[in-house]
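Where a number appears in this text, it was derived from the coordinates with a stated rule and is not lab data. What you see is a predicted model; the values in this text were computed from it and never measured. Cβ atoms come from the backbone with ideal geometry, glycine included; neighbour counts cover every protein chain shown.
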Amino acid sequence: MNKELNKIKNLAVFCASSDGDSKQIFDTAYTVGKKMAEEEIRLVYGGSKLGLMGQVARGVMDHGGKTTGVIPDFLKTKEVVHEDLDKLITTQNMHERKMTINELSDAFLALPGGFGTFEELFEIVTWAQLGLHRKPIGLLNINGFYDDLIKMLNTMTSNGFLKKDNLEILLVADNFEDLLDEMRNFEPQPVPKWMNKNQT
């Protein structure tokens, strides 16, 4: 294999704060955390101990890995914050939360989730499209969860609303090890012509 283009030491994970109904998805979230710990990749995430978020964190911590949670102050009364994280950062609002996660992370990974996961994923993809960052973004398509989304993205491309180059910003695999390899070897697009390198 060629020398890795991206050293991933801090990985942001976007996923559900609920368990969902699929045992395979629930168990895979833990396995992702375990693999991150084995690879000495720090987890950067939303700071909850619930749902898939908690599963990933447990997988990391059970195997000696490091964790950073980032949560806005107003959600502390609504989400159950994981008390055993290595580091917990409190932000003033959701936007600051996402900015902080971006600044702390070398790459981004989306597991199954709902509106919150989609919002986080597509904002970070849009930032990449605009040249605001050049970090790899992975979509883990566990048990075909994202098949319909992938179909929709291809429909957007075939109808001229999404450039093929921009579609390729989002790396997709159904196996975390394969996806991690893709992310490590991801080569970002050139900075858009309306941006300069100092703005990225």
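When the trypsin sites (Lys or Arg not before Pro) in the stretch 95-200 are filtered for DSSP coil states and for at most 14 other beta-carbon atoms within 10 Å of their beta-carbon, the remaining sites are 163, 193.
One chain, two ends: residue 88 and residue 161. Fully extended at 0.36 nm per residue, the span grows by 22.4 nm beyond their Cα-Cα distance. With the biggest extent put first, the Cα atoms of the stretch 28-94 measure 33, 19, 18 Å across the principal axes. Scanning the chain for chymotrypsin sites (Phe, Trp or Tyr not before Pro) in DSSP loops with at most 11 neighbouring Cβ atoms within 10 Å leaves 1-160 as the longest stretch between them.
Amide H contacts of residue 42: 10, 11, each under 5 Å away and 5 or more positions distant or on a separate chain (H built 1.01 Å from N in the peptide plane; Pro and chain starts excluded). Among 105, 48, a tally of other beta-carbon atoms within 10 Å of each Cβ gives an order, fewest to most, of 48, 105. Here's how it looks for residue 173: its modeled amide H is under 5 Å from those of 139, 141, which are all 5 or more places away or on a different chain.
When the P(r) is computed for the stretch 1-152, the part past 26 Å accounts for 20% of the Cα-Cα pairs.
Counting only residues at least eight positions apart within a chain, or on another chain, the aspartates and glutamates with an alpha carbon under 18 Å from that of residue 7 are 38, 39, 40, 103, 106, 177, 178, 181, 182, 187. Subtracting the Cα-Cα distance of residue 185 and residue 126 from their residue separation scaled by 0.36 nm leaves 19.2 nm.
Between their Cα atoms, which of 49/163; 87/151; 34/98; 35/98; 66/98 are more than 27 Å away from each other? Table pairs above 27 Å Cα-Cα are 49/163; 87/151.
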